[in-house]
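Engineer: Provided herewith is a single structure, encoded as C-alpha cells, for subsequent inquiry.
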Amino acid sequence: MFYKSGSLMFVSLMFMLGGKPSWCQTSKMLSAQADRVMALGEWEERWREDQTGWHRPHVNKMLESNIEKVLDGRKGVKFFFPLCGKALDMKWLADMGHSVVGVEIAEKAIKQFFEESNMTYSEETVSALPGAKVYKSSERNISLYQCDLYNFSSAIEGQFGGIWDRGSLVAINPRDRQKYAALITSLMDKDCRYLLDTLLYNPEVYKGPPFFCARRASTKSIWEEL
C-alpha cells in the first residue's frame with residue numbers, strides 16, 4: 001500500500017502470518033507486544049552470531065520500485081538510514097550520486113558493509129557523541145555512525161531530504177515508537193520524502209522482532225500524534 005501525506009510517504013509491505021486481522025482486533029494485537037523489549041546488546045549479539053535473517057544480499061525491491069517518488073526529480077539527495085545494518089541499498093543510492101548517513105549499533109555490520117562492498121573507509125570518534133564512532137567511505141559519500149539511535153540528532157549531520165526505513169520502525173521496542181517518531185521528524189528537511197516498509201501479521205502467533213505495526217492509518221497516527 002502507498003500513500004503520501006505532505007512530505008511523508010508510507011509504503012507498507014504486508015507479511016501475513018496467522019490470518020488477516022480485523023479492525024476490532026488491532027488494539028488487542030498491539031497490546032500483545034506492548035511490553036516486549038530488545039536490548040541493544042541483543043542486537044549486537046545477533047550480528048556476532050550471524051543471526052541476521054532480515055539482511056538481504058540485494059537492493060530492496062520496494063526501494064527500487066518507489067525511488068522516483070522519493071526523489072521527486074531531485075538530484076544529490078541526502079539520505080538517512082536508521083538502523084542501517086549493512087544494507088546494499090546504501091551503496092546503490094551513493095552510486096547514483098546521493099549521499100548516505102546511517103546509524104547502527106553493531107560495529108560488525110558497519111565493517112562488513114564496507115568490506116563486502118569493496119570500499120576502503122576511515123574510522124573516527126565523534127566528539128559530540130561520547131563513545132560513538134563514525135565510519136566514512138573513501139570512495140563514496142557514505143558515513144555510518146556506530147551509536148545508540150536515540151543519541152543521534154540533527155546537530156550531528158543536519159537534516160535529510162530522504163529517509164529509507166526498511167526495518168527500523170519494526171525493530172525498535174513498541175513502547176518507544178513515539179520517541180522514535182519524534183527523532184525521525186526532527187531529522188526531516190522541509191522537502192523530505194520518507195519511505196517506510198512495515199509488516200502486518202498476528203503478534204499473538206509471532207512475538208517479534210520484527211514487531212507488528214497496525215494498518216496504514218494506525219502507522220500514520222504515530223506521526224500525527226506529535
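Engineer: Take the residues in segment 84-110 that are assigned to a loop (DSSP other than H, G, I, E, B) and touching a helix residue (DSSP H, G or I) at 6+ places or on another chain (Cβ under 6 Å), then tell me which one is surrounded by the most Cβ atoms within 10 Å (Cβ to Cβ).
Structural biologist: The qualifying residue surrounded by the most Cβ atoms within 10 Å (Cβ to Cβ) is 85.
Engineer: Taking residue 112 as the residue in question, decide whether it is over 23 Å from residue 194 (Cβ atoms) and either in contact with a His (Cβ under 8 Å, 6 or more places away or on another chain) or not hydroxyl-bearing (Ser, Thr, Tyr) (or both).
Structural biologist: yes
Engineer: For segment 111-204, list the strands (runs of 3 or more DSSP E) that sit wholly inside it and hold at least 2 residues that are in contact with a Ser or Thr (Cβ under 9 Å, 6 or more places away or on another chain), more than 25 Å from residue 46 (Cα to Cα) and open to solvent by 10 Å² or more (accessible area, probe 1.4 Å); which are they?
Structural biologist: Hits in segment 111-204: 188-196.
Engineer: Can you tell which of 77, 100, 37, 59 is over 23 Å from residue 142 (Cα atoms) and either at pLDDT 75 or above or of a type in the set (A, V, I, L, M) (or both)?
Structural biologist: Going through 77, 100, 37, 59 in turn, the sole match is 37.
Engineer: Also: Go through segment 145-170 and count every residue that is of a type in the set (D, E, K, R) and at positive phi.
Structural biologist: Residues meeting the conditions: 0.
The values are calculated or read from the model by the stated rules, or taken from the named source; none is laboratory data. All values derive from a computational prediction rather than experimental measurement. Every residue, glycine as well, gets a Cβ built from its backbone with ideal geometry; the counts of neighbours run over all protein chains shown. Keep in mind that these areas ignore ligands, DNA and RNA; they rest on the heavy atoms of the full protein, side chains included. Shrake-Rupley method; radii C 1.70, N 1.55, O 1.52, S 1.80 Å.
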